[in-house]
Amino acid sequence: MAPIERFVVIVLFDRVDLLDVTGPPEVFALLQREINGETGYHVVLAAETLDPVTTSAGVRVLPDVTFAEIAERGIDTLVVPGAVEMDADGRVRALCDPAVVERVRGLAAHTRRIASVCVGAHILAEAGLLDGKRATTHWSTAQQLAAEHPAIEVDADPIFIRDENVWTGAGLTACLDLALALVADDFGDALALRVARQLVMFLKRPSGQSQFSVSLEPISTTRRIDDLRHYITRNIAKPLTVGDLAEQAHVSERQLTRIFKTDLGTTPAAYIESARVEFARNQLETTDNTLERVATLCGFNTTDTLTRAFRRTLDTTPTEYRNRFRIN
């Protein structure tokens, strides 16, 4: 029996991120190699014209079809990459060409499944395709997405999110994880895992895997908070109560909580837990320490507390995490 036709359209426009465009097709091509047969995927690059499109990397890409040529054709999967610019203050901002937004809105009307890559979520948002949905994007533009589109439940942490037939992914290499998730949706986890191994990704990452590292959080605006963050890192195995931190910063507990909320968008307790989970992740990835030892080193002290924190923040267990991400 012939495979189901899966017509995949990747949207092209000037200044688009190159990896967003090339990553998903590579995953689909590796699947075909892995099964040594037809997958049904037919991937095309679509743009306003057939003229070369210059990507953010300066590499020119040739479209296969124009938007007009596929305007009425049924699409299995519409992949929408993104583009960014730096504003006057040196901040990253997502770009949304109104003409591209309008084309995406039209194509989405006859598409089974829609997926944005990295800041492509902003284009979906402008097209009204994320209203009332939970979505993610690259962490650097998540605040922009939430501020400009309050009808969207923005979650900057997961590497990808599925809400009904709309998938949103973080960036940049998370485009591979998103594409693997689409393969798993079509062909099952076993084949997706085989493709992941071809990509030297050991195992595909689950959607709950965080794209965000505590150590990579945006630099805070106050020296006091920076000093506290370093203090937490240096003393991760200690109790680190809110009272201890307030004393360290020479403020009241209430003032400390207000400062954390304003400067980092979280509470002291939540930040401490995130820092401990990250320390534990590193231990699970790079050492043979027992769970009991890991729990002690990161300040959770018991494996039960460690496990509850992992379930709460990563939607997995320490053992499952180690099995997936252990660096041999």
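The values are calculated or read from the model by the stated rules, or taken from the named source; none is laboratory data. Owing to the predicted nature of the structure, the values given are computational and were not obtained by experimental measurement. Here Cβ is always computed from backbone atoms with ideal geometry, including for glycine, and neighbour counts include all displayed protein chains. Protein only, heavy atoms only, side chains kept; ligands, DNA and RNA dropped before computing areas. Shrake-Rupley method; radii C 1.70, N 1.55, O 1.52, S 1.80 Å.
Side notes on the structure shown:
- Residue check, Ala29 surrounded by fewer than 20 Cβ atoms within 10 Å (Cβ to Cβ) and under 19 Å from Asp76 (Cα atoms): yes
- Screening Thr257 with (1) over 21 Å from His230 (Cβ atoms); (2) over 24 Å from the mean Cα position of the chain (by Cα); (3) hydroxyl-bearing (Ser, Thr, Tyr) gives one miss only, at (1).
- Selection within region 289-307 - assigned to a helix (DSSP H, G or I) and closer than 18 Å to Ser274 by Cβ: Val294, Ala295, Leu297, Thr305, Leu306, Thr307
- Any pair with Cβ under 6 angstrom, 6 or more apart, that starts in region 57-75 at a residue that is assigned by the TED database to the domain that holds Val21 and ends at one that is assigned to a helix (DSSP H, G or I) and modelled with pLDDT of 95 or more: Phe67/Arg103
- Residue within region 194-203 that is in contact with a Ser or Thr (Cβ under 7 Å, 6 or more places away or on another chain), under 27 Å from Arg324 (Cβ atoms) and either of a type in the set (A, V, I, L, M) or open to solvent by less than 60 Å² (accessible area, probe 1.4 Å) (or both) present: no
- Screening the candidates Asp185, Asp131 for the property of being open to solvent by 40 Å² or more (accessible area, probe 1.4 Å), modelled with pLDDT of 85 or more and in contact with a His (Cβ under 8 Å, 6 or more places away or on another chain) yields one hit, Asp131.
- Residue match in region 59-78 (condition: open to solvent by 60 Å² or more (accessible area, probe 1.4 Å) and among the polar types (S, T, N, Q)): no
- Selection of region 308-328 for residues being of a type in the set (A, V, I, L, M, F, W, C) and assigned to a helix (DSSP H, G or I) yields Ala309, Phe310, Leu314, Phe325.
- With respect to (1) within 19 Å of Thr317 (Cα to Cα); (2) in contact with a helix residue (DSSP H, G or I) (Cβ under 6 Å, 6 or more places away or on another chain); (3) at pLDDT below 90, the lone exception for Glu273 is condition (3).
- Among the residues making up region 76-102, those that are charged (D, E, K, R), farther than 13 Å from Val119 by Cα and without any contact (Cβ under 8 Å) to a residue 60 or more places away in the chain are Asp87, Asp89, Arg91, Glu102.
- Residues of region 228-253 satisfying the condition of being in contact with a Gly (Cβ under 7 Å, 6 or more places away or on another chain), open to solvent by 30 Å² or more (accessible area, probe 1.4 Å) and in contact (Cβ under 8 Å) with a residue 24 or more places away in the chain: Ala237, Lys238
- Qualifying residues in region 32-57 (those that are over 25 Å from Ala184 (Cβ atoms) and modelled with pLDDT under 95) - the one surrounded by the most Cβ atoms within 10 Å (Cβ to Cβ): Ser56
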